[in-house]
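The values are calculated or read from the model by the stated rules, or taken from the named source; none is laboratory data. From a predicted model like this one, the values you see are computed outputs, not experimental measurements. Please note: Cβ atoms are built from the backbone with ideal geometry, for glycine as well, and neighbour counts cover all protein chains shown. Just the protein is used for accessible areas: all its heavy atoms, side chains included, with ligands, DNA and RNA removed. Shrake-Rupley method; radii C 1.70, N 1.55, O 1.52, S 1.80 Å.
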Amino acid sequence: MKSKLALRSAMLALASCIVAFQAAKAAQEDYEFQLVENEIKEGDGAIVAVRLLDKGTGAPVNNAVVFATRMDMAPDGMETMAAPVEALPSEKPGIYRFKTNLMMAGGWRFSIAAKVQGETETVERRLEFKAVQ
């Protein structure tokens, strides 16, 4: 009898671990950052906007906590050419806006990391776009 109880307890513990692992993977698989525009006018004060979507429902995700951003010219082979990024207030649900200095035309990469409420894993994405004159 004790062995059956021990086996059930072990199976429940394993099931809990599997559920926790699946929940941890959920954020990266279930959410996605997308550029609002693929071409952005170069210059100081350029606005880069990204939307965060729930892939399952297509609904915008509000109130994510963006904690890491980086803007660089890696697509043009100049990863060390980076620009400062400043978060701006959102104007629409699920849209996250950032002000930067796209100092020259060409390929740019915007790296972003955020936490979504209720998820343990970080949602990360590297988005590439063109700065145009």
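Descriptive notes on the structure:
- Candidate residues Glu32, Glu91: accessible-area rank, largest first, probe 1.4 Å: Glu91, Glu32
- A protection proxy built from the mean count of other Cβ atoms within 10 Å ranks the segments 117-129, 54-66, 101-113, most packed first, as 101-113, 117-129, 54-66.
- Charge tally for Gly94 (other residues, Cβ to Cβ under 12 Å; Lys, Arg +1; Asp, Glu -1): 0.
- Accessible surface area normalised per residue over segment 60-133 is 56 Å², counting heavy atoms of protein chains with a 1.4 Å rolling probe.
- Apolar share of the accessible surface for segment 51-114: 54 percent from carbon plus sulfur atoms, 1.4 Å probe.
- Summed residue charge, Cβ within 12 Å of Thr69's Cβ, Lys/Arg positive, Asp/Glu negative: +3
- C-alpha center-to-center spacing [segment 49-87, segment 108-125] in angstrom: 8
- Cα gyration tensor shape of segment 65-133, rounded if a/c is under 1.5, else prolate or oblate by comparing a/b with b/c: prolate
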